[in-house]
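Remarks on the structure that follows.
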Amino acid sequence: MKIFIVAALALVAAADRPQSSYRPRPAYSAPTYSAPNYAAPTYAAPSYQVQSTYKPIAILEQEDVHPGDGTYNSKFSTENGIYRSESGVPLPGYGKNAYGQPEGSYRQEGSWSYSDGYGNPVKVTFVADKNGYQPSSDILPTPVPTQYPTPAVDSAYVEPQSAYVEPQPTYGKPQPAYQPAYQPAYRPSYN
């Protein structure tokens, strides 16, 4: 039996041994990637023709003046009636601080105008300075007054008085029992 076990082990060892074959190993190449196609999608044109009514609006006049001292003037007008004009001037103390941040005030003023959808002319003028942006125009709403005048009161008017009289504090003294101001004439009796 020992011989049988030794023979079985020898066969297993011989079977486990790699075979001597001279086959070349398979060649692996790095994967290749192609760039994605980002082409715009194509769409079929509609069967009807659309006439474009868009017409570019020409600028009739444009002027920008920056003399280099911080002041400026700018204006333009278009063929459809839009007009804008603005000028600005730095106030004393305007410039940049040690950290490069702007400081100081600037004063700007100007106006613009156009025609609304009904053909009515609209004009807005403005001033922007240390008090903020201050526009003025007929189209801007007016603020509601926050204080109203006190109405005049007829001298014959007498303020109505309450029937209840609040008792005065007695500070430790015994208080009288509550007496209603109205005493009914009829008092029911119970037996």
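Since every read-out is calculated from the coordinates, none of them should be taken as a lab result. Here the structure is a predicted model, which is why all the values come from computation and not from measurement. Positions of Cβ are backbone-derived with ideal geometry, glycine not excepted, and every protein chain shown enters the neighbour counts.
Taking 0.36 nm per intervening residue step and subtracting the Cα-Cα distance, what contour gain separates Asp116 from Thr32 on full extension?
24.1 nm
Let me make sure I get this right: for region 63-175, a, b and c are the square roots of the gyration tensor eigenvalues over alpha carbons, sorted descending. Under 1.5 in a/c it's rounded, otherwise prolate if a/b > b/c, else oblate. Which is it?
oblate
Please compute the net charge surrounding Val127, taking Lys and Arg as +1 and Asp and Glu as -1 over other residues with Cβ under 14 Å from its Cβ.
Net of charged neighbours comes to -1.
What is region 122-165 by shape, rounded, prolate or oblate, if you read a ≥ b ≥ c off the alpha carbon gyration tensor as root eigenvalues and call it rounded for a/c under 1.5, prolate for a/b larger than b/c, and oblate otherwise?
Here region 122-165 falls in the prolate category.
Once you place label points 7 Å from the Cα toward the Cβ at Glu103 and Ser87, how far apart are they in nm?
Distance between the two pseudo-spin positions: 2.9 nm.
Please compute the net charge surrounding Ser111, taking Lys and Arg as +1 and Asp and Glu as -1 over other residues with Cβ under 10 Å from its Cβ.
+1
Spin-label point model (7 Å from Cα, Cβ direction): what's the Thr146 to Glu159 distance in nm?
About 2.7 nm separates the two model spin labels.
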